[in-house]
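K.L.:
Once you've had a glance at the structure underneath, I'll fire off some questions.
The values are calculated or read from the model by the stated rules, or taken from the named source; none is laboratory data. Since the structure is predicted, the reported quantities are computational estimates derived from the model, not experimental observations. Cβ: placed from backbone, ideal geometry, glycine included. Neighbour counts: every protein chain shown. What goes into the accessible areas is simple: the full protein's heavy atoms, side chains included, and nothing from ligands, DNA or RNA. Shrake-Rupley method; radii C 1.70, N 1.55, O 1.52, S 1.80 Å.
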Amino acid sequence: LQLEDCSADLIVSTEPLHKTKLPVIYVTPILASTELKQISRFIETHCINNLLALAVLHARVIDLEQAASREAVIETAVHELIQNHMVSEDYLESIIQRENLSSTDVGAIAIPHGNPDFVHETQLVILRLKKPVHWFVSDVSYVFLFAVSKEQFTSNFALFSSFYKKLVRSNMRNEIKKFGQAEEQEFKSSLAHLLSI
């Protein structure tokens with residue numbers, strides 16, 4: 001087997017492999033339950049990363065030249081969702097209420113979210129602000145509003161939890177600054193790649 005030519009996400013092997021860049025999980029011939037759990041964790045993580053990349057590639061990206069306040073930024077994103085029948089009008093108020101409970105800004109990024117009961121279809125909206133807006137704690141240049149339907153939230157909570165955890169990592173925030181104002185497709189591709197790591 002020539003591992004360089006192999007197209008795979010994971011190799012499961014009972015024998016030591018050398019010179020492969022692919023992830024390898026070593027198992028015993030009896031395939032113990034701990035080994036099965038290891039394989040299962042890899043598959044779950046890999047699926048989540050792929051779904052996150054897809055969500056980003058299908059995201060709506062809005063470039064804002066100027067916004068007066070965080071409320072104005074949120075209204076812009078929700079208006080886009082309402083116009084496309086993805087959320088009800090109550091979704092805006094649920095986000096504002098959530099924001100008033102605790103800040104969702106982390107450095108240059110804000111991740112506002114509202115009540116899934118008001119979401120008809122899951123959609124990610126990304127706003128890139130030419131001039132940062134003061135949120136609660138920091139000045140925000142990128143807003144990631146992931147409107148998640150109740151059904152998707154219930155059935156795939158790990159996906160959305162992973163999305164938020166990855167966005168708030170300090171290296172992620174620094175990386176986004178590097179390509180944040182690139183053309184939309186390049187921006188989405190770079191972000192999808194970062195989220196899949």
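K.L.:
Determine the pairs where a residue that is free of Cβ contacts under 8 Å to residues at least 40 places away in the same chain, located within the range 145-157, has a partner that is assigned to a helix (DSSP H, G or I) and loosely packed, with under 14 Cβ neighbours inside 10 Å with Cβ atoms under 7 Å apart, the partner being 6 or more residues away or on another chain.
P.N.:
Note: pairs meeting the criteria are K150/D117.
K.L.:
Would a scan of the range 62-75 turn up a residue that is out of contact with any helix residue (DSSP H, G or I) (no Cβ under 8 Å at 6 or more places or on another chain) and under 24 Å from A158 (Cβ atoms)?
P.N.:
no
K.L.:
Tell me which residues, restricted to the range 86-116, are within 16 Å of V140 (Cβ to Cβ) and in contact (Cβ under 8 Å) with a residue 60 or more places away in the chain.
P.N.:
Those that are within 16 Å of V140 (Cβ to Cβ) and in contact (Cβ under 8 Å) with a residue 60 or more places away in the chain: V106, G107, A108, I109.
K.L.:
Now, a different point. All but one of (1) part of a helix (DSSP H, G or I); (2) more than 30 Å from K131 (Cα to Cα) hold for T20, so report the exception by its number.
P.N.:
Looking at each condition in turn, T20 falls short on (1).
K.L.:
Looking at (1) modelled with pLDDT of 95 or more; (2) under 23 Å from A192 (Cβ atoms), find the lone condition where T45 falls short.
P.N.:
Among (1) modelled with pLDDT of 95 or more; (2) under 23 Å from A192 (Cβ atoms), T45 violates only (1).
Residue by residue, here is whether (1) loosely packed, with under 13 Cβ neighbours inside 10 Å; (2) modelled with pLDDT of 90 or more; (3) charged (D, E, K, R) holds:
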residue	(1), (2), (3)
A110	no, yes, no
Q123	no, yes, no
V133	no, yes, no
S141	no, yes, no
L159	no, no, no
V168	no, no, no
R173	no, no, yes
E183	yes, yes, yes
L194	no, no, no
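K.L.:
Consider the range 73-85. How many of its residues are touching a residue at least 40 places away in the same chain (Cβ under 8 Å) and surrounded by fewer than 20 Cβ atoms within 10 Å (Cβ to Cβ)?
P.N.:
Final tally of qualifying residues: 2.
K.L.:
Further question: Tell me whether the range 147-154 contains one or more residues that are closer than 20 Å to E65 by Cα and surrounded by 13 or more Cβ atoms within 10 Å (Cβ to Cβ).
P.N.:
Checking the range 147-154: not a single residue is closer than 20 Å to E65 by Cα and surrounded by 13 or more Cβ atoms within 10 Å (Cβ to Cβ).
K.L.:
Further, regarding this structure: If we scan the range 125-143, do we find a residue that is aromatic (F, W, Y), under 25 Å from G180 (Cβ atoms) and within 14 Å of the chain's Cα centre (by Cα)?
P.N.:
Checking the range 125-143: at least one residue is aromatic (F, W, Y), under 25 Å from G180 (Cβ atoms) and within 14 Å of the chain's Cα centre (by Cα).
K.L.:
When the residues of the range 54-72 are filtered to those that are touching a Leu at 6+ places or on another chain (Cβ under 7 Å) and either open to solvent by 20 Å² or more (accessible area, probe 1.4 Å) or of a type in the set (S, T, N, Q) (or both), which remaining residue is farthest from L194 (Cα to Cα)?
P.N.:
Of everything passing the filter in the range 54-72, A67 is farthest from L194 (Cα to Cα).
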